[in-house]
Amino acid sequence: MSDRQFGARLGALMQDARTVRGQTVEASAAALGLAPAQYGGYEAGTAAPSLPELELLAYFLDVPVSYFWGDQPLSAQPEAARRALPAADIAALRHRIIGIQLRQARQAAEQTPEALAASVGVTPAEWLAYEVEGAPVPLAVLSAAAAQLSLPLEHFVEARGPVGEWDVTQRALERVRQLPPELREFVSQPVNEHFLRLAQQLSAMPVDKLRSLATSLLEITY
């Protein structure tokens, strides 16, 4: 592949990722510390970015650096497709689900709608709209209600569906980022996958079986 062909393909990948992420040429240029005209030359394929500049762009657009020497535009990847959601329908469904969860939690706590409404600073009519009609619950009200019902706010966070699955993945990634560097390195190595699967299996074993296994290992060792 010639330098011109490589530059054209790289520029197209840059432009595609920027468009999918909803960013402007000006914002992308600023993220790299460049003038918009210089960044525009990169996308046009008339100038070549350096690796450090691509690393900054990858960070800004939330894509792997290796994306820029791949051959699949971001818009063609499943990760990009998830961004186009029927937002109004999903939000309406989630509001109804949260209303049902609130009603179930209130009943389990043996509280009346009137008492709970008063404790979180809304009228009984407003509270019934949350429970029965699926009216959106302001986050401050939901947080106060969760505290009154002895529930964490996370109890109401969706764990299924496209948004829920994305959120679960993001939280898992954040937990990995919080690990000590040496553990992050261990987890990231494919060769260590069998150790991680073994740890997963051990964590699911009953305590008595773990003790028996430990005893057997000691006997083999000594």
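Explain nothing, just compute: Karplus ³J(HN,Hα) = 6.51 cos²θ - 1.76 cosθ + 1.60, θ = phi - 60°, for every residue of segment 125-140 in order, whole Hz, x for Gly and Pro.
5, 5, 5, 5, 5, 5, 6, 9, 9, x, 5, x, 9, x, 4, 4
Rounded to whole Hz and in sequence order, give me ³J(HN,Hα) for segment 202-210 from the Karplus expression 6.51 cos²θ - 1.76 cosθ + 1.60, θ = phi - 60°, writing x for Gly and Pro.
5, 5, 8, 7, x, 4, 5, 6, 5
Hey, in the GNM for the chain with a 10 angstrom Cα cutoff, which one of SER143, SER66, SER212 fluctuates hardest?
Top of the fluctuation ranking is SER212.
Debye calculation, C-alpha points only, no solvent: report log10 I(q)/I(0) for segment 3-81 at q = 0.22 Å⁻¹, in the same order as the q values.
With one equal scatterer per Cα and no solvent, log10 I(q)/I(0) is -0.98.
GNM on the chain, C-alpha springs below 10 Å: top fluctuator among GLU182, GLU114, GLU154?
GLU182
Gain in length, ALA125 to ALA140, computed as 0.36 nm per residue apart minus the alpha-carbon separation, to one decimal in nm?
Length gained between ALA125 and ALA140: 3.6 nm.
Of LEU149, LEU54, LEU198, which is the most mobile in a GNM of the chain whose springs link Cα atoms less than 10 angstrom apart?
LEU198
For segment 52-64, take each phi angle, set θ = phi - 60°, evaluate the Karplus expression 6.51 cos²θ - 1.76 cosθ + 1.60, and give the result in whole Hz per residue in order, putting x for glycine and proline.
x, 5, 5, 5, 5, 5, 4, 5, 5, 8, 6, 10, x
Specify which labelled value, from (i) 20.3; (ii) 12.9; (iii) 11.2, agrees with mean projected area of the Cα convex hull in nm² derived from the coordinates of the model shown.
(i)
Tell me what the chain gives for mean residue ellipticity at 222 nm when only DSSP H runs of n ≥ 4 count, each as -39,500 (n - 2.57), the sum divided by the residue total, rounded to 500 deg cm²/dmol.
Calculated at 222 nm, the ellipticity per residue is -20000 deg cm²/dmol.
Size of the dipole of the chain about the Cα centre, Lys and Arg at +1 and Asp and Glu at -1 on the beta carbon, nothing else charged, in debye to 20?
240 debye
Quick one: dipole size for segment 87-156, taken about the Cα centre, charges +1 on Lys/Arg Cβ and -1 on Asp/Glu Cβ, in debye to the nearest 20.
100 debye
Each reported figure results from applying straightforward, stated rules to the coordinates on display, with no laboratory input. Keep in mind that what you see is a predicted model, and the values were worked out from it rather than measured. Positions of Cβ are backbone-derived with ideal geometry, glycine not excepted, and every protein chain shown enters the neighbour counts.
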